[in-house]
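The structure under discussion appears below in the form of structure tokens.
The values are calculated or read from the model by the stated rules, or taken from the named source; none is laboratory data. Keep in mind the model is a prediction, meaning the values are calculated, not measured. With ideal geometry, Cβ positions are generated from the backbone for all residues, glycine too; neighbour counts draw on all protein chains shown.
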Ligand code: ASC
């Protein structure tokens, strides 16, 4: 009887998808973990965007290699935050308005625009020797940031 019971329990466990087992045992990410993850990525994007913005505003001398390196980083980082905007985080206190989850298709399409426009900036920055060559692509990224923040970010 004991063996039969153990076999039944093991069979049931194997039938459960791994993710469900992880969640049941508390091993999966909790809703707050998704929020912290996306906040960390957004912070890293801002960290790398800042010096590019300073160069464009001529608050810092234009350094083509540094600009290109940061543009590459931002293009990669832009592919990451969407994974943190999962519906189970709706209602958790953060800078994200609930409007994100009420308009998830629009939000996701804006994130895609960010990927596209940051990739274009990284390409433009790669061969650029003067600031003028990167400003249009930089401005487009800035508009993409601002458009989405205006719509979906709160204090
Ligand atoms: C930044 C920052 C943003 C964008 C946006 C561009 O430095 O934190 O969200 O630039 O303001 O318009």
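Data overview
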read-out: Hey, residue 31 under 24 Å from residue 155 (Cβ atoms), modelled with pLDDT of 95 or more and either in contact with a strand residue (DSSP E or B) (Cβ under 9 Å, 6 or more places away or on another chain) or within 16 Å of the ligand (Cβ to nearest atom) (or both) or not; value: no
read-out: Among (1) out of contact with any helix residue (DSSP H, G or I) (no Cβ under 8 Å at 6 or more places or on another chain); (2) away from the ligand (no atom under 15 Å from the Cβ); (3) within 17 Å of residue 46 (Cβ to Cβ) - the single one residue 93 does not satisfy; value: (3)
read-out: Failed criterion for residue 155 (all others in (1) in a loop (DSSP other than H, G, I, E, B); (2) touching a helix residue (DSSP H, G or I) at 6+ places or on another chain (Cβ under 7 Å); (3) closer than 27 Å to residue 33 by Cα; (4) within 16 Å of the ligand (Cβ to nearest atom) hold); value: (2)
read-out: Hey, residue 73 within 16 Å of the chain's Cα centre (by Cα), within 15 Å of the ligand (Cβ to nearest atom) and farther than 25 Å from residue 32 by Cα or not; value: yes
read-out: Some residue of the range 110-128 being part of a loop (DSSP other than H, G, I, E, B), closer than 24 Å to residue 62 by Cα and at pLDDT below 95; value: yes
read-out: Condition broken by residue 139, with the remaining ones in (1) within 14 Å of the ligand (Cβ to nearest atom); (2) assigned to a helix (DSSP H, G or I); (3) within 19 Å of residue 39 (Cα to Cα); (4) over 14 Å from the mean Cα position of the chain (by Cα) satisfied; value: (3)
read-out: Members of the range 41-62 found to be more than 15 Å from the ligand (Cβ to nearest atom) and surrounded by 13 or more Cβ atoms within 10 Å (Cβ to Cβ), listed by number; value: 62
